[in-house]
Amino acid sequence: MRTETLEKNGWLLLDSVYTLDHLERLRGAVQQLQEMNSESVREQAGSVYAARNVLEIVPEVATLWKTPKLVSLISEVLGADAGLIRALYFDKPPEQTWALPWHKDLLIAVSDETVQLPGYSKPRPRAGVLHTEPPVKVLQSMLTLRIHLDPMTTDNGPLEVLSGSHQTGKELQVDGFQREQITSEAGAVFVMRPLLVHANGRSIPNAKEHRRVLHLEFTGIRKLPQGVEWHTYIPIIKNL
């Protein structure tokens, strides 16, 4: 039933995935980002609000996310070659906010500049790592997990999605889909296809709570088309 819901809507919310102890370990891992002096980490007024290349600067994240429930779901959806390929971090710190308009996640991180091939956009660096827009079948092979380290409420700029919009490929189409506002408790995991149209609203003025999210991207394709290589590929069945 859960995979049918995911394929129909393009998203799925899993409640109470992490115990309090496991959640604290995840929070402790991302807290290290506050102490990093790196182009991968973005901060304002002393608070980190975004970070790229999290697998490189906080390596324990590569295994710390794992629970039997999540590994089972990813394997069921993506198959035997499922692998972790990228990790990002977002926050809306107290009394700070930002917003993103409707969009789809169309970029992947690749290993070098050889991606001058049909179906790929010209690779461009982001925080020292090359990114390209791949063929649509690559994006359709992917799954994103957004681990909520804090509650996501109507006050702190929750995620909004257009259910079913992942079925339009790369086209950004916003009409004709049901708009959903996602709220959750800490420890919940939001599962989505990257081709799902989604947006983030602003926090209310003087919001006092963090809204920390560990964003993990997975693929079911070990080898990219035409010999292109992932920047990072970590099989999820390793070390279980």
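The values are calculated or read from the model by the stated rules, or taken from the named source; none is laboratory data. Nothing here was measured: the structure is a model prediction, and the numbers come from that model. Cβ atoms come from the backbone with ideal geometry, glycine included; neighbour counts cover every protein chain shown.
Please go through the range 190-217 and pick out each residue that is of a type in the set (S, T, N, Q) and either surrounded by fewer than 18 Cβ atoms within 10 Å (Cβ to Cβ) or in contact with a His (Cβ under 9 Å, 6 or more places away or on another chain) (or both).
Within the range 190-217, just Asn206 meets the criteria.
What residue, of Leu216, Leu172, Leu196, is closer than 16 Å to Leu6 by Cβ, in contact (Cβ under 8 Å) with a residue 24 or more places away in the chain and either assigned to a loop (DSSP other than H, G, I, E, B) or of a type in the set (Ser, Thr, Tyr) (or both)?
Answer to the selection: Leu196.
Could you figure out which of (1) closer than 26 Å to Leu23 by Cα; (2) without any contact (Cβ under 8 Å) to a residue 40 or more places away in the chain; (3) among the hydrophobic types (A, V, I, L, M, F, W, C) isn't true of Met152?
With (1) closer than 26 Å to Leu23 by Cα; (2) without any contact (Cβ under 8 Å) to a residue 40 or more places away in the chain; (3) among the hydrophobic types (A, V, I, L, M, F, W, C) applied to Met152, the lone miss is (2).
Would you mention how many residues in the range 204-233 are under 26 Å from Gly164 (Cα atoms) and among the polar types (S, T, N, Q)?
Within the range 204-233, residues that are under 26 Å from Gly164 (Cα atoms) and among the polar types (S, T, N, Q) number 1.
Can you name the number of the only condition in (1) modelled with pLDDT of 95 or more; (2) within 25 Å of Pro194 (Cα to Cα) that Glu24 fails?
Status for Glu24: all satisfied but (2).
Restricting to the range 218-229, give me the number of residues that are buried (at least 19 other Cβ atoms within 10 Å of the Cβ) and either among the acidic types (Asp, Glu) or within 28 Å of Gln32 (Cβ to Cβ) (or both).
The total comes to 2.
Restrict the check to the range 123-146 and report whether at least one residue is among the hydroxyl-bearing types (Ser, Thr, Tyr) and farther than 19 Å from Phe218 by Cβ.
No - not one qualifying residue is present in the range 123-146.
Grab the strands (runs of 3 or more DSSP E) fully contained in the range 68-159, keeping just those with 1 or more residues being under 16 Å from the mean Cα position of the chain (by Cα), surrounded by fewer than 18 Cβ atoms within 10 Å (Cβ to Cβ) and modelled with pLDDT of 95 or more. Quick ask: steps written out before the conclusion?
On the way: elements: 83-90, 100-103, 108-110, 124-126, 129-132, 142-148.
Once the strands (runs of 3 or more DSSP E) in the range 68-159 are filtered for at least 1 residues that are under 16 Å from the mean Cα position of the chain (by Cα), surrounded by fewer than 18 Cβ atoms within 10 Å (Cβ to Cβ) and modelled with pLDDT of 95 or more, what remains is 100-103.
Can you name the condition, by its number, that Ile237 falls short on among (1) buried (at least 19 other Cβ atoms within 10 Å of the Cβ); (2) among the β-branched types (Val, Ile, Thr); (3) closer than 28 Å to Lys8 by Cβ?
Of (1) buried (at least 19 other Cβ atoms within 10 Å of the Cβ); (2) among the β-branched types (Val, Ile, Thr); (3) closer than 28 Å to Lys8 by Cβ, only one is false for Ile237: (1).
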